[in-house]
1. Within segment 206-232, count every residue that is β-branched (Val, Ile, Thr) and under 14 Å from TRP166 (Cα atoms).
2. How about segment 309-345: which of its residues are modelled with pLDDT of 80 or more, assigned to a loop (DSSP other than H, G, I, E, B) and in contact with a Leu (Cβ under 9 Å, 6 or more places away or on another chain)?
3. Among the residues of segment 243-272, which ones are of a type in the set (Gly, Ala, Ser), modelled with pLDDT of 75 or more and crowded, with 17+ Cβ neighbours inside 10 Å?
4. Among (1) modelled with pLDDT of 80 or more; (2) out of contact with any Gly (no Cβ under 8 Å at 6 or more places or on another chain); (3) not aromatic (Phe, Trp, Tyr), where does LYS123 come up short?
5. Can you pull out the residues in segment 103-118 that are in a strand (DSSP E or B) and either touching a helix residue (DSSP H, G or I) at 6+ places or on another chain (Cβ under 9 Å) or among the polar types (S, T, N, Q) (or both)?
6. Return the only residue of VAL277, VAL270, VAL255 being β-branched (Val, Ile, Thr) and in a strand (DSSP E or B).
7. Specify the residue that is nearest to THR54 (Cα to Cα); the eligible residues are those in segment 73-97 that are surrounded by 13 or more Cβ atoms within 10 Å (Cβ to Cβ) and charged (D, E, K, R).
8. Looking at segment 273-294, which of the residues that are β-branched (Val, Ile, Thr) and over 11 Å from ASP154 (Cβ atoms) is surrounded by the fewest Cβ atoms within 10 Å (Cβ to Cβ)?
Amino acid sequence: MKISDAVTRLCAVVAIVLAVAVAPVPVDSTQASPGLVESTGMLRAAFQVDPGQTVTVRGRVPAALARGRVTVLRHDGGTTATVASGRADARGRYVLETHAPLATGSYAHDVRVARSGKARTVKRFTISVVSGTKAPITTTTTPAPTFSQGDPNDWTYLGGTRVARWDPCSAITWSVTGTAPYAEASTDIQTALDRLATATGLRFVQVADAGTSTLDITWTNAAAEPRLAGTVVGLGGFSSYAPPIGPSQIASGYVLLDQEHTIPGGFTTVGSSWGKVLLHETSHALGLGHAAGIEQIMYPQVVLSPAELGAGDLTGLAAVGAGQGCFTSPVQGRTSVQARTVDYVD
């Protein structure tokens, strides 16, 4: 979930440009340790983009291949598809546009050029699709208008098509560490968890020792957590045990919040608020992905709507909730799911 300004910024590295209408997702250059199984936040790749974001591929082919046909190929699992094509000009320059996939993940691309029966790959790059929420900042005191709850089918799993949920037969123990930037933060966290408990049927029990909790809510900053650098105000995610078939069982979840940003507290503010951030990011920790409609808390852009769960949010939370039953046997293996971020501009 990302809140950023609407100023266009182009992230240009070598000859590949991400053309976006908002600030791109910050790139985390930290490399994961071998064997690390916990989610480490954002996907790591040369470029990070939002689902469906426009990607502009720009470069120059060798002089011998000027005016040749240029094609961008995307590799997705075992399949390869052409996602953009055009011709280089007389000087070998080309500019092609495509769109990032809607599903999160890393996608390798090849840029190929062909002329007079000869073809060669002139560039390779990878994009990582992450989910974000962008919105203007507002301090309006206008009373919130009445909003529709939207489509009850408007929700997704954070793990894509893979179902991951908590075991409802065990309480989710949660803890809070760090210093919050406003006095009512503890109340807002409790309110968010109460609303999610009502929507899911899951039980949340606060514990004093963070070392024993399964859901960690941490107030921190970019100095301690580099993923919060720049405009990132928070992130949330989970790690899960995955059997060969059937749903994954979430083993732990977390929400990291940047204490150095100033956002209105509570759940009544129309626009940006800590209440929305807490509902959105904690829902990610419970297994939900993003929604398509602006009526949903899980919509990937904070809009001028109150901090209330929409119809799609409620359907999704029920799908990862107690109504799905308890896990009856231990599962083997482990996987991690990328976190979702929140950006904010002071």
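The values are calculated or read from the model by the stated rules, or taken from the named source; none is laboratory data. In this text the structure is predicted, and so the values were computed from the model without any measurement. Cβ atoms come from the backbone with ideal geometry, glycine included; neighbour counts cover every protein chain shown.
1. 1
2. Selection gives LEU309, VAL320, GLY321.
3. Result: SER248, ALA251, SER252, GLY253, GLY265, SER272.
4. With (1) modelled with pLDDT of 80 or more; (2) out of contact with any Gly (no Cβ under 8 Å at 6 or more places or on another chain); (3) not aromatic (Phe, Trp, Tyr) applied to LYS123, the lone miss is (2).
5. Within segment 103-118, SER106, VAL113, ALA114, ARG115, LYS118 qualify.
6. Residue meeting the stated conditions: VAL255.
7. GLU97
8. Across segment 273-294, the extreme among qualifying residues is THR282.
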